[in-house]
Amino acid sequence: MLNMSRSKEMFIEAQKYIPGGVNSPVRAFKSVKMDPPFIASGKGVYIFDEDGNRYIDYVASWGPLILGHCHTEVVNALHYCLEIGTSFGAPTELETKMAKLVIDCVPSIEMVRMVNSGTEATMSALRLARGYTGRDKIVKFEGCYHGHADFLLIKAGSGALTHGVPTSPGVPNNTAQNTITAPFNDLETLEKIFEQEGENIAAVILEPVPGNMGCIPPNHGYLDGVRSLTEKYGTLLIFDEVMTGFRVALGGAQARYGIKPDITCLGKIIGGGLPVGAYGGRKDIMEKISPLGPVYQAGTLSGNPLAMTAGYTTLQILQRDGIYEKLEEKSAKLAAGMEEAAKTAGAEVYFTRVGSMFSAFFTAHEVTGFQSAATSDIDKFVAFFKALLKEGVYIAPSQFEAGFMSLVHEDKEIEKTIEACYKAFKIAGKA
Ligand SMILES: *Cc1c(COP(=O)(O)O)cnc(C)c1O
């Protein structure tokens with residue numbers, strides 16, 4: 001067993017002062033029925049816990065750290081920024097440079113506004129969509145996560161057109177009533193929703209490649225279908241690319257699949273490990289935002305030099321030749337190794353991967369959405385997770401999260417991970 005005694009002590013102490021001992025719920029490791037390691041530091045592909053255990057990291061701070069921990073260029077740029085000031089609440093040139101860079105990379109973005117988290121980005125994008133269209137209703141998909149704004153913390157009851165039922169106490173019923181939930185990868189159901197409600201729907205928001213119920217590739221033609229349908233009804237299409245932006249391609253999922261959403265939400269990677277979100281899109285829509293237009297949105301620390309520096313440096317590195325080819329190659333290698341390991345170990349696993357996002361579902365079913373993801377055997381996943389951790393491989397502590405490959409994973413770590421997976425699949429198979 002791993003020695004995690006210092007982490008355990010720290011967790012006990014933390015729970016006295018912080019709800020659940022954590023500042024974001026998944027970190028508590030509840031879904032894998034153990035206490036979390038407390039992290040002391042990270043370098044490159046590795047993180048180190050307070051007990052001195054070393055792990056190959058596939059969480060990457062839940063996506064942002066595509067360059068690994070403490071990338072030299074990012075750290076140097078941040079040092080420079082610290083010397084000149086971390087926030088002014090006044091315009092800086094860096095914000096324009098950052099906006100231009102994002103616009104250059106992401107096909108559908110003509111103007112962009114920086115915020116401080118992905119949650120803020122989706123919340124603001126939906127206010128904008130409602131302000132622009134003058135409609136109230138929105139459609140989201142079962143199992144897609146868009147941050148914790150009230151009207152997005154909704155899942156459907158039974159039946160396709162069930163009006164929203166809040167997933168969390170504290171979300172008013174009348175807020176939930178404007179959110180319609182549909183199953184992902186199911187165009188027929190979405191068409192029926194539009195036949196009944198189309199004229200009232202301000203926006204459809206989705207993760208073009210959902211990563212928050214595990215990684216789920218969109219069916220061939222699905223995103224095209226959603227695009228045509230929204231266009232037909234004058235509904236705005238919002239791609240929440242907080243996870244997929246600069247992850248599945250430089251231009252995100254919209255570049256990878258060739259679809260132009262009206263508004264795009266970004267976060268995670270564009271912050272280079274610091275807190276950032278952004279939303280951008282068509283100029284005529286973005287011009288409705290204050291101070292140009294009537295839709296209000298503001299932020300004391302929005303576009304602050306520190307976060308912009310980390311993000312700008314990261315995006316510049318990602319623009320270099322061959323980066324995404326390299327990521328694809330590393331990810332394909334790991335995926336092939338893991339599949340082989342599962343087969344040899346006799347474990348029943350459904351693998352998914354889009355670029356450097358991947359998942360291993362412990363199910364015999366094909367996974368195309370929330371319902372099929374939910375067929376996974378959680379006990380098996382928990383056994384797999386614990387065995388991997390013991391072998392020094394750190395993946396997200398839930399069946400319903402994606403894994404992330406970073407540019408710093410080299411053959412050595414990939415091979416070590418595959419070996420660890422083989423052992424872990426064997427143990428999971430018996431769970
Ligand atoms: C992480 C995530 C968010 C929320 O971003 P925060 O910065 O945690 O608020 C929203 N949408 C998607 C798709 C995400 O993966």
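Other residues lying with their Cβ under 13 Å from the Cβ of TYR46 contribute a combined charge of 0, Lys and Arg counting +1, Asp and Glu -1.
In the P(r) worked out for the range 72-318, what percent of Cα pairs fall beyond 31 Å? Mind dumping the intermediate values first?
Values: 6526 of 30381 pairs.
In whole percent, the share of Cα-Cα pairs in the range 72-318 beyond 31 Å is 21.
Within the shell of other residues whose beta carbon sits under 15 angstrom from the beta carbon of ASN116, the net charge comes to 0, with Lys and Arg scored +1 and Asp and Glu -1. Relative contact order, whole percent, for the range 18-65 stands at 18, derived from Cα pairs under 8 Å and 6 or more residues apart.
What the Cβ-Cβ distance of ALA90 and TYR296 gives, at R0 = 22 Å and to the nearest 0.05, is a FRET efficiency of 0.70.
Please list log₁₀ I(q)/I(0) at q = 0.09, 0.11, 0.13, 0.14 Å⁻¹ for the chain, using the Debye equation with identical point scatterers on the alpha-carbon positions. After summing over all Cα pairs, the log10 values are -0.56, -0.86, -1.21, -1.39.
Exposed loop positions in the chain were taken to be trypsin sites (Lys or Arg not before Pro) whose DSSP state is not H, G, I, E or B and which have at most 12 other beta-carbon atoms within 10 angstrom. Between these positions, the longest stretch is 34-319.
On a 19 Å Cα-Cα criterion, which of the cross-link pairs LYS232/LYS288; LYS8/LYS386; LYS33/LYS386 come out too long? Walk me through the numbers on the way to the answer.
On the way: LYS232/LYS288 22 Å; LYS8/LYS386 16 Å; LYS33/LYS386 9 Å.
Pairs exceeding 19 Å: LYS232/LYS288.
Length available on full extension from LYS333 to GLU191: 0.36 nm per residue minus the Cα-Cα distance, which gives 47.3 nm. Of all DSSP beta bridges confined to the chain, the antiparallel ones make up roughly 60%. Helix content alone sets the calculated 222 nm mean residue ellipticity of the chain: runs of n ≥ 4 DSSP H residues at -39500 (n - 2.57) each, divided across all residues, give -12000 deg cm²/dmol. Sequence-distant contacts, meaning Cα pairs under 8 Å at least 6 residues apart, place the relative contact order of the chain at 21 percent. Length available on full extension from ARG27 to ASP224: 0.36 nm per residue minus the Cα-Cα distance, which gives 67.4 nm. When the charge dipole of the range 72-318 is built from unit charges on Cβ atoms (+1 for Lys and Arg, -1 for Asp and Glu) and taken about the Cα centre, the candidate among PRO166, ALA90, LEU266 whose Cα reaches farthest toward its positive end is ALA90.
Annotation for the range 268-349: chymotrypsin sites (Phe, Trp or Tyr not before Pro) lying in DSSP loop with at most 14 further Cβ atoms inside 10 Å of their Cβ are TYR296. Annotation: extensible slack from THR175 through ALA431 equals 88.0 nm (criterion: 0.36 nm per residue apart, minus Cα-Cα distance). Only residues of the range 305-333 count here: report those whose backbone N is under 15 Å from the spot 7 Å along Cα→Cβ of LEU82, or say none. Answer for this model: 306-307, 309-310. Note on the range 72-318: antiparallel DSSP beta bridges, both residues inside, total approximately 45 percent of the bridges counted.
Where a number appears in this text, it was derived from the coordinates with a stated rule and is not lab data. What you are looking at is a predicted structure, and each value in this text was computed from that prediction instead of being measured. Methodologically, a virtual Cβ is constructed for each residue, glycine included, from the backbone with ideal geometry; neighbour enumeration extends over all protein chains shown.
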